[in-house]
1. Exactly one condition in (1) in contact (Cβ under 8 Å) with a residue 40 or more places away in the chain; (2) farther than 30 Å from Tyr27 by Cα is false for Tyr183; which is it?
2. Which count do you get for residues in region 211-220 that are free of Cβ contacts under 8 Å to residues at least 12 places away in the same chain and either outside any helix (DSSP H, G or I) or more than 17 Å from the chain's Cα centre (by Cα) (or both)?
3. Between a first residue in region 221-238 that is touching a residue at least 40 places away in the same chain (Cβ under 8 Å) and a second residue that is small (Gly, Ala, Ser), which pairs have beta carbons less than 6 Å apart while being 6 or more apart in sequence or on different chains?
4. Return the pairs, sorted by first residue and then second, in which the second residue is part of a helix (DSSP H, G or I) and β-branched (Val, Ile, Thr), the first residue lies in region 86-108 and is over 18 Å from Val190 (Cα atoms), the beta carbons are less than 8 Å apart, and the residues are 6+ apart or on different chains.
5. For region 84-135, what are the residues that are outside any helix (DSSP H, G or I) and touching a Phe, Trp or Tyr at 6+ places or on another chain (Cβ under 8 Å)?
6. Do you know which residues across region 115-130 are small (Gly, Ala, Ser) and over 14 Å from Cys156 (Cα atoms)?
7. Here is a list: Val105, Val151. Which entry is over 20 Å from Leu61 (Cα atoms) and among the β-branched types (Val, Ile, Thr)?
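The values are calculated or read from the model by the stated rules, or taken from the named source; none is laboratory data. Nothing here was measured: the structure is a model prediction, and the numbers come from that model. Cβ coordinates were reconstructed from backbone atoms using ideal geometry, including for glycine residues, and neighbour counts include every protein chain displayed. Surface accessibility is based on the protein's heavy atoms, side chains included, excluding ligands, DNA and RNA. Shrake-Rupley method; radii C 1.70, N 1.55, O 1.52, S 1.80 Å.
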Amino acid sequence: MSFPRTVLNDSVIVHPPGFYIIGFQMYPSISVYFIFLAFVYVVTVLFNSLVIYVIAFNHCLHTPKFLAVVNLAVIDVILSTCTIPSMIKIFLVKDNFIPFNLCLVQMFFYYAFGTLESCALAILAYDRLIAICFPLRHNSINTLQNMSCIVGLTWCFALGIIAFSVAIMNRLSFCNSVRVLSYFCDYAPVFRLACNDYTMHWSVASLLTSLLLVGPFTFILLSYVSILVTVLRMKSLDSRVKALATCVEHLILVAVFYIPLITIFTIGFYLRIIDTDQRVLSLSLASCLPPCVNPIVYSLKTKEIKTRALALVRIEFGADRFKSKSRRVLPVKKK
């Protein structure tokens, strides 16, 4: 049975019932990795939820900087939820089949919130850029309203562009293999299984990788070049140290997110010295660890969040102790 080779003129579109995720079948001791993933997911949800709660219910933290932080925390929770539970399900239930429509849904959420993660780091770089390079105009430029608009625009842009790229997957026919060599319904491994022309999808994937990953990373680099120039112009050494200290937590997040991805893609696509199975495992680790590390870094390095989180724990602990004491019943003495 033959199919036309042009995507736009396809008269017959064949969609399979679903796909089989086979990225982890070659590792004999993969169970240890899945136990580690379960731990990572629990830590990710708990710490990001704590950051969201602390910022949401403390009005003194309703500032542009902490709006950007809570935006990153929300993205981290959703990004982890769209991949880690499905990977754990494959290990526990031994069922690696995912229906076609659910595959597209997972693909959309992963790439949309992966894009938003990259944009969120760029937004935090913008916050540091305005705070250090324009300290006298910081409150007038970087207002809560302006930050809300920036965050909203990035969400609309990311969700819209990824929705388009996933929607065109419906124009592909799958008449041969349905085995996806990845840890989720990955975009490129899926469209490469098509038996009709996927040139458009390859072009979209290449363009969006450059636009949505390299673009924010380039903005972050340029921001820190400007920050470094401004810091070196400061006369006081104490002022330089204080200015750079406010960037430490953000630089850690940027390093944790971008360095593994850049390293894996450089080794895999240009040097071609990495095994396919090792690439799948490395990419899964690179996508699961940043959402876990982000809230821990901000909780430990940001004084406002750390102070209020500790106060919240003390209040809850004190309330539990008070309840336990109030429930004690004194023995009644017999006359």
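1. So Tyr183 meets the others, but not (2).
2. Selection size over region 211-220: 1.
3. From residues that are touching a residue at least 40 places away in the same chain (Cβ under 8 Å), the pairs are Ser223/Ala125; Val231/Ala243.
4. Sorted first by the residue in region 86-108, then by its partner, the pairs are Phe91/Ile30.
5. Those that are outside any helix (DSSP H, G or I) and touching a Phe, Trp or Tyr at 6+ places or on another chain (Cβ under 8 Å): Asn96, Phe97, Ile98.
6. Across region 115-130, the qualifying residues are Ser118, Ala122, Ala125.
7. Result of the check over Val105, Val151: Val105.
Quick grid of which residues meet (1) of a type in the set (A, V, I, L, M); (2) open to solvent by 20 Å² or more (accessible area, probe 1.4 Å):
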position: Ala131; (1), (2): yes, yes
position: Asn142; (1), (2): no, no
position: Met147; (1), (2): yes, no
position: Ala158; (1), (2): yes, no
position: Phe164; (1), (2): no, yes
position: Ser173; (1), (2): no, no
position: His201; (1), (2): no, no
position: Leu213; (1), (2): yes, yes
